[in-house]
């Protein structure tokens with residue numbers, strides 16, 4: 001059992017070290033000023049001090065520990081500034097330092113190495129006598145003191161390994177400690193190599209170059225099996241008395257050794273240290289054996305931390321590579337509002353450098369991106385395919401925001417995907433312009449064709465007028481037909497203008513009944529027979545509407561003429577109040593006409609100019625009406641009701657207090 005005493009402290013790094021040690025060692029907390037004599041634990045192996053700042057209390061705690069726990073290892077969690085102060089002011093220093101501020105990986109590495117050192121330090125070899133074999137140099141001398149003499153060497157090696165994540169520097173630190181501890185003529189450090197599926201020499205001294213470069217011990221060989229089984233130091237004497245011992249000795253001799261130390265990680269053999277005879281002869285002492293076990297345990301822990309770090313680094317590099325090649329921008333925010341990731345695409349879209357964004361507060365992002373990330377993080381307001389404009393309207397983006405959760409479903413941040421759609425929007429706008437120009441060109445061609453008939457009539461009568469002006473019947477016939485054709489020309493021109501770009505209008509309060517009467521009168525001017533087929537109804541006293549009476553009357557007249565059609569269908573016009581959203585009651589004007597082949601058509605299609613252009617037999621009136629109605633703030637719809645086709649115009653009455661600001665519908 002290894003016992004750790006934590007002197008009271010308040011530093012965050014000190015608390016993290018306390019958390020990392022908890023569960024691995026037997027721990028106690030103590031305040032020296034509140035500890036009565038005789039209440040301290042009987043045996044303390046390590047004492048931790050919070051030395052983030054050098055204070056008089058810290059110096060007093062150091063003295064207290066040195067007096068009351070003489071055999072304990074003293075570890076201070078301190079900053080480099082405190083270390084220098086202790087050295088300059090010649091204050092009694094602790095045995096080991098854990099330097100801060102440090103990343104969590106480095107703190108874990110330091111704690112792992114320290115725990116491995118303390119655990120190995122408390123392991124004692126069995127008291128049974130070991131047979132001697134001086135000629136092999138593999139005897140453990142039991143007469144030496146049990147306390148390891150190489151503690152300073154081990155401490156320095158542990159500090160070197162805890163301060164580095166480079167595997168080659170770990171090899172060097174371990175080998176330097178081996179040379180200093182044992183003074184052997186040769187040694188080698190072997191680690192498992194997945195490429196050759198065996199234990200390969202990674203560092204060696206005193207071996208023949210051919211052995212050093214080509215020797216690979218099998219993971220299922222007798223020496224590896226024995227080390228995995230006993231999990232302790234093995235000498236040639238010990239191997240002589242076990243099955244397959246002679247084969248294990250041959251493997252040991254192949255590496256020039258008389259003694260092997262296992263390098264275990266989580267109970268699995270990951271490598272071994274093989275030592276040759278001592279240069280000055282004589283057996284290996286017990287204190288040296290204990291030091292070797294401590295060194296092997298610390299080395300295994302440091303290697304594991306290095307491998308985890310390298311694996312994490314590889315994953316991060318892979319993620320960075322993926323992020324750098326993504327077509328979309330990626331921005332992530334952590335819990336404190338700091339930007340963690342901003343890939344090159346996102347930096348380019350935002351017009352910022354990635355280095356100027358990562359690690360900065362979210363407010364560095366152009367508005368409203370930071371607000372959306374924060375709303376997602378704090379309130380769970382996730383967005384999908386939402387379009388936003390940044391940089392004073394010069395760039396348009398499509399964004400997605402999502403919360404980020406860890407493996408325990410705990411919130412750790414938020415993420416935003418950014419897609420620059422400025423070019424896409426510009427292309428779509430150009431396409432719409434081109435399509436609109438094409439439609440207008442087709443409409444002009446269609447109107448030019450329809451204008452020929454009334455113009456031909458007018459031209460004929462105009463040519464005959466000088467010679468037949470005195471004929472009363474001719475003048476009456478001329479006046480009637482030419483006047484109607486002139487109205488038709490005016491109606492055609494108004495349709496063209498309405499579809500291309502509704503004119504700017506001036507609104508006024510208009511009674512709905514008068515509006516319907518104006519529409520019927522316009523139809524009468526164009527076709528008196530069609531006007532006879534129209535019946536208008538107005539239910540109750542309807543509130544006035546704020547519209548341009550001429551424009552709205554023209555829109556209704558277009559729908560009436562289309563509904564009557566060439567077959568002279570009967571048309572019913574009805575105006576009434578309807579229930580709308582939020583208590584509104586729009587004035588609805590219904591235009592109904594029976595249609596024989598109602599199932600074979602979509603009524604809404606007659607409102608689309610592109611559909612009408614493709615079908616020359618369909619009048620342009622309804623599509624012109626839709627533009628006029630919408631320019632007045634109203635809405636036009638078309639639908640089927642049994643065997644009738646229905647146009648519905650919805651207008652908001654003035655009495656309901658709606659915004660009556662004049663506006664021109666964009667083209």
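The values are calculated or read from the model by the stated rules, or taken from the named source; none is laboratory data. These figures come from a predicted structure and were not determined experimentally. FYI the Cβ positions are ideal-geometry reconstructions off the backbone, even for glycines, and counts take in every protein chain you see.
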>> Based on this model, can you work out whether residue 207 counts as under 17 Å from residue 178 (Cβ atoms) and assigned to a helix (DSSP H, G or I)?
In response: no
> Filter segment 150-173 for residues that are surrounded by 15 or more Cβ atoms within 10 Å (Cβ to Cβ) and assigned to a loop (DSSP other than H, G, I, E, B); which is modelled with the lowest pLDDT?
Replying inline: 150
>> So, residue 381, is that one modelled with pLDDT of 85 or more and farther than 19 Å from residue 406 by Cβ or not?
In response: yes
>> Just to verify a result, which residue in segment 92-136, among those that are modelled with pLDDT of 80 or more and more than 43 Å from the chain's Cα centre (by Cα), is surrounded by the most Cβ atoms within 10 Å (Cβ to Cβ)?
In response: 94
> How many residues are within 13 Å of the chain's Cα centre (by Cα) and either closer than 11 Å to residue 365 by Cα or assigned to a strand (DSSP E or B) (or both) if we restrict to segment 330-347?
Replying inline: 10
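Residues are listed down the side, and each one gets a yes or a no for (1) touching a helix residue (DSSP H, G or I) at 6+ places or on another chain (Cβ under 9 Å); (2) more than 22 Å from residue 520 (Cβ to Cβ); (3) at pLDDT below 80:
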residue	(1), (2), (3)
618	yes, yes, yes
629	yes, no, no
640	yes, yes, no
645	yes, no, no
648	no, no, no
658	no, yes, yes
> In segment 250-265, which residues are closer than 20 Å to residue 212 by Cα and either buried (at least 23 other Cβ atoms within 10 Å of the Cβ) or in contact with a strand residue (DSSP E or B) (Cβ under 9 Å, 6 or more places away or on another chain) (or both)?
Replying inline: 251, 252, 254, 255, 256, 257, 258, 259, 260, 261, 262, 263
> Can you tell me which residues in segment 6-32 are touching a residue at least 24 places away in the same chain (Cβ under 8 Å) and assigned to a helix (DSSP H, G or I)?
Replying inline: 13, 14, 16, 17, 18, 20, 21, 32
>> Return the pair list, or none, for Cβ contacts closer than 8 Å from residues in segment 458-479 that are surrounded by 13 or more Cβ atoms within 10 Å (Cβ to Cβ) to residues that are not in a helix (DSSP H, G or I), at least 6 apart or on different chains.
In response: 475/469
> Mind checking which residues of segment 67-109 are free of Cβ contacts under 8 Å to residues at least 60 places away in the same chain, outside any strand (DSSP E or B) and in contact with a strand residue (DSSP E or B) (Cβ under 7 Å, 6 or more places away or on another chain)?
Replying inline: 80, 82, 83, 94
> With respect to residue 77, is the statement that it is over 30 Å from residue 202 (Cβ atoms) and modelled with pLDDT of 85 or more true?
Replying inline: yes
> So which pairs qualify, if the first residue must be in segment 570-588 and under 18 Å from residue 644 (Cβ atoms), the second must be modelled with pLDDT of 85 or more and surrounded by fewer than 15 Cβ atoms within 10 Å (Cβ to Cβ), the Cβ gap must be under 6 Å, and the two must be at least 6 apart or on different chains?
Replying inline: 572/535
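Here's the yes/no breakdown for (1) closer than 18 Å to residue 592 by Cα; (2) under 60 Å from the mean Cα position of the chain (by Cα):
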| position | (1), (2) |
| --- | --- |
| 524 | no, no |
| 536 | yes, no |
| 544 | no, yes |
| 548 | no, yes |
| 551 | no, yes |
| 557 | yes, yes |
| 561 | yes, yes |
| 567 | yes, no |
> Which of the residues belonging to segment 372-406 are surrounded by fewer than 14 Cβ atoms within 10 Å (Cβ to Cβ) and within 14 Å of residue 336 (Cα to Cα)?
Replying inline: 378
>> Take the residues in segment 1-19 that are modelled with pLDDT of 75 or more and farther than 15 Å from residue 76 by Cα; name whichever of them is surrounded by the most Cβ atoms within 10 Å (Cβ to Cβ).
In response: 3
> Between a first residue in segment 416-439 that is more than 30 Å from residue 343 (Cβ to Cβ) and a second residue that is exposed (fewer than 14 other Cβ atoms within 10 Å of the Cβ), which pairs have beta carbons less than 8 Å apart while being 6 or more apart in sequence or on different chains?
Replying inline: 436/667
> For segment 534-608, which strands (runs of 3 or more DSSP E) that fit wholly inside it have 2 or more residues that are modelled with pLDDT under 85?
Replying inline: 534-538
